[in-house]
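Engineer: One structure coming up, written as structure tokens, with questions to follow.
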Amino acid sequence: MSEAKARPRPPIESGCPDGFRNLHPMMRKHYGNWDYHEDPQPGVLKHVAYGGDAVYTVKAATQRILDVFTLRTLCDIGDKYADGHVHFTLRSNLEFFVTEEARVQPLIGALENAGFAVGGTKNSVTSISHTQGWLHCDIPGTDASGVVKAMMDELIDEFKNWNMPNRVHITTSCCQINCGGQGDIAINVQHTKPPKINHDLVANVCERPSVVARCPVAAIRPAVVNGKPSLEVDEKKCICCGACYPPCPPMQINDAEHTKLAIWVGGNHSNARSKPTFQKLVAAGIPNNPPRWPEATAIVKNILHTYKNDAKDWERISDWIERIGWTRFFELTGLPFTKFHIDNWRGARNSLNASTHVRF
Ligand code: SF4
Ligand code: SF4
């Protein structure tokens with residue numbers, strides 16, 4: 001047996017890299033072993049370890065999709081004014097670390113002079129987390145990063161200050177089915193019509209059984225159209241979710257007129273004070289109106305304003321609504337309550353396609 005066959009090539013491991021290698025040394029040294037932390041000012045955290053070591057974290061907003069020039073600018077600031085270590089948060093904020101208090105203000109000054117807002121900690125509105133949008137994905141119905149830019153321009157004071165009853169996480173999602181957005185406030189795409197099928201292309205582009213199996217309400221059937229194998233949609237069943245479009249782009253569902261935005265509130269992954277909660281729909285059919293999305297932004301600002309005025313200290317949006325009730329939420333925000341707000345998926349087991357079988 002040859003040497004090559006006796007010892008096969010080892011697999012190339014390409015999983016998640018070891019994050020510890022890149023942690024700030026003080027963070028690595030005291031990982032999981034902190035005594036307490038403080039919030040000296042908006043955008044700054046101070047962690048103190050048992051024994052007295054302290055490290056200051058300064059948080060700056062980024063636009064998530066970063067060009068090389070901006071990344072280099074941020075890295076240069078990190079090298080010159082911080083300790084040469086940075087950390088991207090889930091919401092695309094960039095954190096810098098220093099171990100001396102005297103270096104905090106020069107670091108903040110350098111970031112602000114370069115155009116980066118510092119904030120997003122404690123009871124502020126932190127940066128909006130978003131999905132990839134037109135730049136990276138093939139199925140978006142809107143540009144999530146564009147919505148984020150337009151909204152955060154209007155919410156910059158809420159990012160830089162501790163104005164809110166508690167922290168607010170906002171998310172956006174640029175299609176209705178995949179990455180998704182679950183947050184205190186979520187702005188998600190909403191399709192409003194069934195897909196329009198280009199029957200000339202289906203046979204060449206789509207694996208029909210996969211597309212049939214993909215539909216959550218079993219609304220798609222194989223069909224022969226103009227002598228070619230294709231698909232048909234039972235439009236009475238279709239819930240316009242868009243799940244058939246990724247595996248079969250000839251089932252076009254996005255368009256400028258019928259792709260709308262919907263706003264959901266009260267989602268919370270955390271179980272710190274209360275159970276995790278699913279978000280609920282509060283506004284639908286909002287125009288998907290680039291480049292500034294003024295209608296969606298106005299509704300988000302209205303919800304934030306109402307929350308700020310009515311919630312008790314440290315209530316998250318879901319806690320606040322739990323206390324006052326949904327009826328009062330709609331009264332206070334002035335958002336119209338319609339029949340579309342009622343389904344909370346309690347009937348999903350009966351109404352959704354829960355089978356793994358392919359139907360023909
Ligand atoms: S939310 Fe949908 S469209 Fe947006 S990046 Fe994710 S999969 Fe693509
Ligand atoms: S996958 Fe969604 S959009 Fe496509 S036919 Fe089924 S319900 Fe309609």
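The values are calculated or read from the model by the stated rules, or taken from the named source; none is laboratory data. Owing to the predicted nature of the structure, the values given are computational and were not obtained by experimental measurement. Neighbour counts are summed over all protein chains in view; Cβ atoms, including those assigned to glycine, are modelled from backbone coordinates with ideal geometry.
Engineer: Only one residue in D319, D313 is in a helix (DSSP H, G or I) and in the same structural domain as D143 (by TED's automatic domain parsing), so which one is that?
Structural biologist: Checking each option against the conditions leaves just D319.
Engineer: Continuing with the same structure: Take the residues in segment 141-174 that are aliphatic (A, V, I, L, M) and assigned to a loop (DSSP other than H, G, I, E, B); name whichever of them is nearest to ligand 2 (Cβ to nearest atom).
Structural biologist: L155
Engineer: Continuing with this model, one more query. Which pairs do you get when a residue that is touching a residue at least 12 places away in the same chain (Cβ under 8 Å) and under 30 Å from H269 (Cα atoms), found in segment 186-215, comes within reach of a residue that is assigned to a helix (DSSP H, G or I) and small (G, A, S), reach meaning Cβ atoms under 7 angstrom, with the pair 6+ apart or on two chains?
Structural biologist: Filtered contacts from segment 186-215: I187/A296.
Engineer: Does Y245 satisfy the condition of being more than 13 Å from T142 (Cβ to Cβ) and within 16 Å of ligand 2 (Cβ to nearest atom)?
Structural biologist: yes
Engineer: Same structure again: Mind checking which residues of segment 220-245 are aliphatic (A, V, I, L, M) and either buried (at least 21 other Cβ atoms within 10 Å of the Cβ) or within 16 Å of ligand 1 (Cβ to nearest atom) (or both)?
Structural biologist: I220, L231, A243
Engineer: If I ask for residues that are within 16 Å of ligand 2 (Cβ to nearest atom), assigned to a loop (DSSP other than H, G, I, E, B) and either acidic (D, E) or under 24 Å from T89 (Cβ atoms) (or both), which ones from segment 175-202 would you list?
Structural biologist: Listed by number, the residues that qualify are C175, N178, G180.
Engineer: May I ask you to list the residues in segment 24-44 that are surrounded by fewer than 18 Cβ atoms within 10 Å (Cβ to Cβ) and touching a His at 6+ places or on another chain (Cβ under 9 Å)?
Structural biologist: P25, W34, D35, Y36, H37, E38
Engineer: For the list (1) within 16 Å of ligand 1 (Cβ to nearest atom); (2) loosely packed, with under 15 Cβ neighbours inside 10 Å; (3) within 30 Å of W320 (Cβ to Cβ), I need the number of the one condition that G285 fails.
Structural biologist: With respect to (1) within 16 Å of ligand 1 (Cβ to nearest atom); (2) loosely packed, with under 15 Cβ neighbours inside 10 Å; (3) within 30 Å of W320 (Cβ to Cβ), G285 is out only on (1).
Engineer: Let me ask another. Starting from segment 221-249, keep only residues that are in contact (Cβ under 8 Å) with a residue 24 or more places away in the chain, then list their pairs with residues that are away from ligand 1 (no atom under 16 Å from the Cβ) and among the hydroxyl-bearing types (S, T, Y) whose Cβ atoms are within a distance under 9 Å, requiring at least 6 positions of separation or different chains.
Structural biologist: Taking only residues 6 or more apart or on different chains, the pairs are P222/S230; C240/T192; P247/S210; C248/S210.
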